[in-house]
Amino acid sequence: DNVAKKRKMYEDFLTQISILKDMDPYERSKVADSLKTKTFSDQEEIIKEGEQGDTFYIIIDGKALAIKDKKVIKTYSKGDYFGELALLKNQPRAATVKAKDTCQVVYLDRKSFKRLLGPIEEILYRNVENYRKVLKELGLDTACIEGN
Ligand code: CMP
């Protein structure tokens, strides 16, 4: 059936994602079941800085850029994730993320994110220090990632 097909399609892909590879296989199959897909065209905004956010994204094909104050703060390709900060910290989106050429993503809503990725929240939080470093190196304000 559809559920089995979807699970099979995403299970292998998810094992290749660094933050998810140490997850319990059963938990990971639950993530696979909850994923939805969406395709963005070149330059289309996936996330808009300052907005309220309820979605976590993983790229399955193509590339995207995180941008703040017109500076590229990160480039994303297959297997990379973004949009976790607004969900972890209940803060507005810290940056804009735009598709670079066509970009296909899978995504989770806030409820599924909390339920399914709750066990790896700690791992997601560890990355915030890297974000801070990048913002400082580029001379950008780090207020967007402080608090909580
Ligand atoms: P969020 O704040 O939900 O939406 C914008 C996303 O950009 C953010 O989550 C991170 O996933 C991502 N991002 C990439 N680099 C940075 C950075 N240096 N500071 C903040 N967010 C970043």
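Of note:
- Note on the range 34-47: among residues that are more than 11 Å from the ligand (Cβ to nearest atom) and surrounded by 15 or more Cβ atoms within 10 Å (Cβ to Cβ), the one that is nearest to the chain's Cα centre (by Cα) is L35.
- In the range 48-106, the residues that are within 10 Å of the ligand (Cβ to nearest atom), open to solvent by 30 Å² or more (accessible area, probe 1.4 Å), without any contact (Cβ under 8 Å) to a residue 24 or more places away in the chain and under 14 Å from the mean Cα position of the chain (by Cα): D80
- In the range 19-47, of all residues being of a type in the set (G, A, S) and touching a residue at least 24 places away in the same chain (Cβ under 8 Å), the one that is farthest from K78 (Cα to Cα) corresponds to S34.
- Against the numbered list (1) loosely packed, with under 15 Cβ neighbours inside 10 Å; (2) in contact with a helix residue (DSSP H, G or I) (Cβ under 6 Å, 6 or more places away or on another chain); (3) basic (K, R), R28 comes up short only at (1).
- Residues within the range 108-148 that are away from the ligand (no atom under 12 Å from the Cβ), outside any helix (DSSP H, G or I) and under 18 Å from the mean Cα position of the chain (by Cα), tallied: 2
The values are calculated or read from the model by the stated rules, or taken from the named source; none is laboratory data. Everything numeric here is computed off the predicted structure, so don't read it as measured data. Cβ: placed from backbone, ideal geometry, glycine included. Neighbour counts: every protein chain shown. Heavy atoms of the whole protein, side chains included, go into the accessibility calculation; ligands, DNA and RNA do not. Shrake-Rupley method; radii C 1.70, N 1.55, O 1.52, S 1.80 Å.
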